[in-house]
Structures are given as structure tokens and as C-alpha cells.
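Q: Below are the C-alpha cells for one structure; questions will follow.
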Amino acid sequence: CIEDPLRPEAPEVMKELRKLGIRKIVMMTGDSERTAAAIAKRVGVDEYYSEVLPEDKANFITKEKEKGRKVMMIGDGINDSPALSASDAGIAVSDGAEIAREIADITVSADNLYELVTLKELSNKLMSRINRNYRKIVTFNTGLIILGVMGVIQPTTSALLHNSSTLLISMDSMKRLLD
């Protein structure tokens, strides 16, 4: 008779998160089996668990991490706090319980679930930038070391080139990640 209304953007957000690399979406709720099954079907999650206690959520996350998976937990209540703490990335919803916001690594606005998509896009692009910069730095500095060992360039020239490359890569990293 009574249920929380489904966010209209929820099914589309799940599709977008999958496109961005999220492989498995699990819903865990303290609600009854009937309610959980109906919501899970409408949203399009891979698995769902009903009548779950807070410690069950945290145990599930621990088991997933033991399998070598990275786990992101999204929650808003006191009962989500142990799972938020156990996850690799805990995300709290801003209008949720204060303890959930304190424990979580990230807090997003409750107004729009598309913020999760933006967060994942930002995360993917940031990791791509970090990896690209790392490869540039290692390649360039390895070249400087080799040239220095071979006596092709002097240590002062190597230091100047190293510092200049650091500045250039840092300035390049200041570009916006999202349009």
C-alpha cells in the first residue's frame, strides 16, 4: 500500500553507469521481498536482496572485496553506515542521515541521481589523466637518465628539462575534465 516513489531517472542512470564501466549493480534493502522485487525489476539491477540488516550489507561488501572486486556503496541511512565504511568508495546522499554523510568518502545531492553518472565520468577521466601523466613522466625522466648516464647531457641540463617537463605536465593537468 505504501512505498517510496521510484526516482524517474533511476532506470536510465543504471544504464548510463553500465556504459561507464560499472559491471554489477546490486540493490540491498530492508524492505520486504515483494517491494524489493518490484523496485529491482523497474530499476534494472543485476541482483537484489531484501530484508537485509546493516551487518549483512557490510558482510556482502567484504566478500565482494575478497573476490578482488572494487565496491562502491551508495546509501543514505544510519543502517548503511557500516557498508559505506567497508566499501572502496562510500557515497552518501545529502539528505540522508548525518552519520552516513560523515562516514562516506563522497556526498552527492539528493536532487538528481544523474550526479552519480557525472561522478563516474569524472572518476574515469581523472584516472585516465593520472595514468597518462604517469606514463609521460616515467618515459621522459627515463630518457633524461639514459642521456645523463651516456654523457649526452649535463646534470644541470637534465635538471632544467626535468623541472620544465613537470611544469608543463602540471599545467596540462589543469584543463577541465568535463564539459
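The values are calculated or read from the model by the stated rules, or taken from the named source; none is laboratory data. None of the values given here were measured: they were computed from a predicted structure. Quick reminder, even Gly has a Cβ in these numbers, built from the backbone with ideal geometry, and neighbours come from all protein chains shown. Heads up: the accessible areas ignore ligands, DNA and RNA and are worked out on the full protein's heavy atoms, side chains in. Shrake-Rupley method; radii C 1.70, N 1.55, O 1.52, S 1.80 Å.
Q: Please state the shape class of segment 12-113: rounded when a/c is under 1.5, otherwise prolate if a/b exceeds b/c and oblate if not, all from the C-alpha gyration tensor.
A: Values: a/c = 1.15, a/b = 1.13, b/c = 1.01.
Rounded, because the longest to shortest axis ratio a/c is under 1.5.
Q: Rounded to the nearest Å, what's the spacing between the alpha carbon centres of segment 9-25 and segment 31-69? Just the number, please.
A: Comparing the Cα centres of segment 9-25 and segment 31-69, I get a distance of 16 Å.
Q: What fraction of the DSSP beta bridges in the chain is antiparallel, stated in percent and rounded to the nearest 5?
A: 0 percent
Q: For segment 1-80, give the magnitude of the charge dipole about the Cα centre (Cβ charges: +1 Lys/Arg, -1 Asp/Glu; no others), in debye to the nearest 20.
A: Around 580 debye, computed over segment 1-80.
Q: Suppose every Lys and Arg Cβ carries +1 and every Asp and Glu Cβ carries -1, with no other charges. What dipole size does the chain come out with about its Cα centre, to the nearest 20 debye?
A: That gives the chain a dipole magnitude of about 1300 debye.
Q: Over 12 Å apart: what share of the alpha carbon pairs of segment 85-138 falls there, rounded to a whole percent?
A: 70 percent
Q: Identify all lysines with a Cα-Cα distance to Lys57 below 21 Å; exclude those on the same chain that are fewer than 8 residues away in sequence.
A: Lys24, Lys41, Lys65, Lys67, Lys70
Q: Counting other C-beta atoms within 10 Å, and keeping those with at most 15, which DSSP coil trypsin sites (Lys or Arg not before Pro) do you find in segment 19-123?
A: Working: sites: Lys19, Arg23, Lys24, Arg34, Lys41, Arg42, Lys57, Lys63, Lys65, Lys67, Arg69, Lys70, Arg101, Lys120; in loops: Arg23, Lys24, Lys67, Arg69, Lys70.
Those satisfying the criteria are Arg23, Lys24, Lys67, Arg69, Lys70.
Q: Ignoring ligands, DNA and RNA, what accessible area per residue does segment 80-153 give at 1.4 Å, in Å²?
A: Values: 4350 Å² over 74 residues.
About 59 Å² of surface per residue is accessible.
Q: Next up: Taking a probe of 1.4 Å, how large is the accessible area per residue of segment 1-50, in Å²?
A: Dividing the accessible area of segment 1-50 by its residue count gives 68 Å².
Q: Given the whole protein assembly as supplied and a 1.4 Å probe, what does the accessible area of Glu55 come to in Å², nearest 10?
A: About 100 Å², rounded to the nearest 10.
Q: Would you please state which residues of segment 69-95 a label at Asp111 would reach in this model, taking the label point 7 Å out along Cα→Cβ and a backbone N cut-off of under 18 Å?
A: Counting only backbone N, you get 92-95.
Q: Helix-derived [θ] at 222 nm for the chain: sum -39500 (n - 2.57) over DSSP H runs of at least 4, divide by residue count, nearest 500?
A: The helix contribution divided over the chain gives -18000 deg cm²/dmol.
Q: May I pose another question? Using a 1.4 Å probe on the protein heavy atoms, what percent of the accessible area of the chain belongs to carbon and sulfur?
A: 57 percent
Q: Sticking with this one: Among (i) 1, 7, 14, 15, 13, 11, 10, 8, 7, 5, 3, 2, 2, 1, 0, 0; (ii) 1, 7, 12, 15, 16, 12, 7, 6, 6, 6, 4, 3, 2, 1, 0, 0, 0; (iii) 1, 9, 17, 21, 20, 15, 8, 4, 2, 1, 0, 0, 0, find the value of P(r) over Cα pairs in 5 Å bins from 0, in percent that was calculated from the structure presented, and write down its label.
A: Structure-derived value, by its label: (ii).
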